[in-house]
Amino acid sequence: MGKGKSKVVCGYPLSIFFIVVNEFCERFSYYGMRAVLVLYFKYFLRWDDDLATSIYHTFVALCYLTPILGAIVADSWLGKFKTIIYLSIVYAVGQVAMAVSAIHDITDSDRDGTPDSMTFHIVLSMVGLFLIALGTGGIKPCVAAFGGDQFGEHQDRQRRTFFSVFYLCINGGSLLSTIITPVLRAQECGIYSKQKCYSLAFGVPAALMVVALVVFIIGSGMYYKAEPQGNIMLDVCKCIGFAIKNRYRHRSKQYPKRQHWMDWAEEKYDKLLIAQIKMVLKVLFLYIPLPMFWTLFDQKGSRWTLQATTMDGNFGALVIQPDQMQTVNPILILTLVPIMDSLIYPLIKKCGLNFTPLKRMTVGMLLAAIAFVCAALVQIQIDVSTKQLLHSSPYILSGQGFIYFKLTIKGKANSDSTTVHNTDKATFTLRSGSQSCEYSTNFGFGSSYTFFIHSTLVFGSNCQDSVTAVEDIKPNSVHMALQIPQYFFITAGEVMFSVTGLEFSYSQAPSNMKAVLQAGWLFTVAIGNFIVLIVAELAKIPKQWAEYVLFASLLVAVCVIFSIMAYFYTYIDPTEIEAQFKKKINEDDEDDKSKPGKAEVEMVKRDSIKCHDEYDKATQTKM
Ligand SMILES: N[C@@H](CC(=O)O)C(=O)NCC(=O)O
């Protein structure tokens with residue numbers, strides 16, 4: 001049985017249906033907006049690449065810092081349900097602000113197709129992004145934990161499946177939106193003049209966020225809503241502070257040692273709270289090496305996409321843009337999660353191996369490191385085949401009797417006048433006054449040509465013989481399909497590391513600190529992103545393949561440390577520990593009533609021994 005008033009369907013509370021649909025729509029909204037964000041900065045707000053990239057990464061980092069705020073609000077004040085509702089409203093308002101900020105007609109008073117007051121659009125979009133970061137980050141730790149809350153104590157298997165389905169929904173939403181919003185952006189729209197339709201590309205995610213909110217509200221009557229339990233973060237900080245102070249005050253040898261430094265808070269704080277803090281600290285300590293995984297993982301949106309720009313995206317009937325390669329990740333997630341859950345993990349279990357969550361996470365890290373070794377190998381191949389500059393333009397300028405123009409074939413989504421975006425035959429019209437002629441040629445992906453137009457050119461219907469094309473930069477010869485192995489390994493790593501870690505964080509958290517631990521988990525993503533910026537800035541390695549190898553080596557080193565830490569970790573059942581503590585405290589209360597006048601110091605000592613025993617009993621399972 002689930003915990004709420006929800007019906008149970010096939011062993012699952014019906015209420016989780018609303019939660020996974022909500023997650024699908026929310027992730028559609030988030031990834032859809034994010035997919036076109038850099039292009040919006042560059043082509044609508046007219047920012048240069050560096051500014052666009054920095055603001056983009058700052059936004060992403062903010063999205064992973066705000067979960068802490070959401071978790072505090074949920075656990076100590078509003079509860080998860082109300083926090084999700086209120087912050088979803090903030091989120092939807094942010095998305096609408098983004099969509100409005102992208103309507104060029106609002107400030108285009110001279111109707112020339114460009115906004116007249118860029119400040120208006122910049123301010124509105126920055127406000128929108130801030131609200132989105134607050135909303136998406138704020139609800140993130142709450143939704144997963146709220147979903148987990150819907151399961152009863154004996155529904156561990158169902159709860160694990162829920163976390164897998166939850167992850168599938170994230171990637172279903174991400175996959176669809178990453179395909180759809182770039183198509184919407186490429187449309188032209190406007191009232192007075194037609195421009196690229198960023199407002200539609202942001203408007204659809206805004207609509208999906210409203211749908212997410214409505215779906216979540218519809219399920220309202222069925223949810224189990226755990227009550228917030230006071231300002232838990234403040235209590236935790238005060239309790240830790242007191243334990244440290246008390247330990248320092250009693251540092252002389254005459255005071256007997258205590259089992260755990262947190263036990264020095266026993267004079268003032270509830271033993272249950274101390275036990276809960278111990279559980280959280282144990283998990284947070286394990287989190288220390290985790291950001292390194294995200295450092296590698298999140299580079300698929302930056303370094304790997306840049307790598308793809310130097311590769312050949314011609315898949316026959318389909319020409320793939322470099323940024324579209326990122327959709328390989330959600331496609332593989334949708335394939336791998338069911339395969340892992342229904343085939344690989346049960347097979348490993350059948351072989352008698354205890355593939356514990358922390359072991360899975362360790363393997364996940366190693367797979368991510370392998371992905372980066374693959375990326376390095378691909379990079380070496382790209383470097384070997386690197387387009388040699390056949391000659392330079394100044395050399396051509398010294399030629400006689402030609403005019404020339406230069407053409408670059410890029411794998412990018414937007415163009416200037418001399419950039420062609422596919423490998424098809426392109427046709428150019430050469431004009432002089434009313435006379436014209438046509439010239440056609442085939443191009444390779446990523447190549448650059450200089451065209452010499454003979455001064456003896458005679459205009460007619462065809463000027464094929466009067467133009468000589470010289471290849472400056474050879475077409476990209478390394479195919480983008482070669483990135484698939486690195487995507488495969490990083491995604492398999494993600495399934496083992498991230499899906500498992502999400503569930504692990506939930507299962508090891510005390511009942512009143514579940515969202516706090518989810519936020520701690522997400523905080524590792526933010527730190528991972530900062531590490532990318534720091535390493536890229538500090539290391540300044542000239543060879544890209546060497547940078548990939550550096551990141552892979554760093555992750556292997558961190559993985560060794562993590563596996564040692566994981567070896568010493570003991571899995572706990574927070575519900576059982578809490579129940580035992582509550583029972584013991586009740587018994588002691590009864591005891592106190594029947595034996596008044598007992599020395600308080602003795603009481604503290606005895607309670608402490610009992611509670612240690614309970615804690616030790618419950619944490620016997622070595623992982
Ligand atoms: N695989 C990613 C989604 C993507 O990059 O398209 C994922 O599952 N991320 C977790 C999340 O919560 O968004």
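The values are calculated or read from the model by the stated rules, or taken from the named source; none is laboratory data. Not measured: the values here are computed from a predicted model. Heads up, the Cβs are rebuilt from the backbone with ideal geometry, glycines too, and the neighbour counts pull from every protein chain shown. Accessible surface areas use protein heavy atoms only, side chains included; no ligands, DNA or RNA. Shrake-Rupley method; radii C 1.70, N 1.55, O 1.52, S 1.80 Å.
Here are some notes:
For (1) crowded, with 20+ Cβ neighbours inside 10 Å; (2) hydrophobic (A, V, I, L, M, F, W, C), each residue gets a yes or a no:
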| site | (1), (2) |
| --- | --- |
| T500 | yes, no |
| M513 | yes, yes |
| G528 | yes, no |
| V535 | no, yes |
| I541 | no, yes |
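- Restricting attention to the stretch 295-322, the residues that are assigned to a helix (DSSP H, G or I) and within 16 Å of the ligand (Cβ to nearest atom) total 11.
- Verdict on F202 being of a type outside the set (K, R) and touching a residue at least 40 places away in the same chain (Cβ under 8 Å): yes
- Of residues in the stretch 266-294 being open to solvent by 30 Å² or more (accessible area, probe 1.4 Å) and outside any helix (DSSP H, G or I), the one modelled with the highest pLDDT: I288
- The residues of the stretch 474-498 that are of a type in the set (A, V, I, L, M), touching a Phe, Trp or Tyr at 6+ places or on another chain (Cβ under 9 Å), surrounded by 19 or more Cβ atoms within 10 Å (Cβ to Cβ) and over 12 Å from L367 (Cβ atoms) amount to a single one, M480.
- V516 satisfies every condition listed in (1) assigned to a helix (DSSP H, G or I); (2) modelled with pLDDT of 80 or more except (2).
- Residue count, the stretch 166-188 (criterion: closer than 18 Å to S15 by Cβ and either open to solvent by less than 10 Å² (accessible area, probe 1.4 Å) or away from the ligand (no atom under 13 Å from the Cβ) (or both)): 1
- Taking the stretch 4-95 and the helices (runs of 4 or more DSSP H) fully enclosed by it, the elements with 1 or more residues that are under 27 Å from L234 (Cα atoms) and within 16 Å of the ligand (Cβ to nearest atom) are at 49-65, 67-73.
- Scope the stretch 6-29; condition closer than 17 Å to D149 by Cα and open to solvent by 10 Å² or more (accessible area, probe 1.4 Å); matching residues: S6, K7, V8, V9, G11, Y12, L14, I16, F17, F18, V20, V21
- For the criterion of being outside any helix (DSSP H, G or I) and in contact with a helix residue (DSSP H, G or I) (Cβ under 9 Å, 6 or more places away or on another chain), N476 passes.
- Restricting F216, F163 to those that are surrounded by 18 or more Cβ atoms within 10 Å (Cβ to Cβ), within 16 Å of the ligand (Cβ to nearest atom) and under 29 Å from Q508 (Cβ atoms) reduces the list to F163.
- In the stretch 24-42, the residues that are assigned by the TED database to the domain that holds V215 form Cβ pairs under 6 Å with partners that are more than 11 Å from the ligand (Cβ to nearest atom) and not in a helix (DSSP H, G or I), at six or more places apart or across chains, as follows: F41/W47.
- Check on T119, of a type in the set (S, T, Y) and touching a residue at least 12 places away in the same chain (Cβ under 8 Å): no
- Some residue of the stretch 583-592 being in contact with a strand residue (DSSP E or B) (Cβ under 8 Å, 6 or more places away or on another chain), more than 30 Å from I380 (Cα to Cα) and β-branched (V, I, T): no
- Scanning the stretch 479-504 for residues that are part of a helix (DSSP H, G or I) and away from the ligand (no atom under 16 Å from the Cβ) gives M480, A481, L482, P485.
- Residue in the stretch 278-329 that is nearest to the chain's Cα centre (by Cα), counting only those that are of a type in the set (D, E, K, R) and closer than 25 Å to Y167 by Cβ: D298
- Test result for I348, within 13 Å of the ligand (Cβ to nearest atom) and surrounded by fewer than 19 Cβ atoms within 10 Å (Cβ to Cβ): no
- Of the residues making up the stretch 220-265, those that are over 30 Å from V21 (Cβ atoms) and either touching a Pro at 6+ places or on another chain (Cβ under 9 Å) or assigned to a loop (DSSP other than H, G, I, E, B) (or both) number 13.
- F146 passes every criterion in (1) away from the ligand (no atom under 16 Å from the Cβ); (2) open to solvent by less than 40 Å² (accessible area, probe 1.4 Å) apart from (1).
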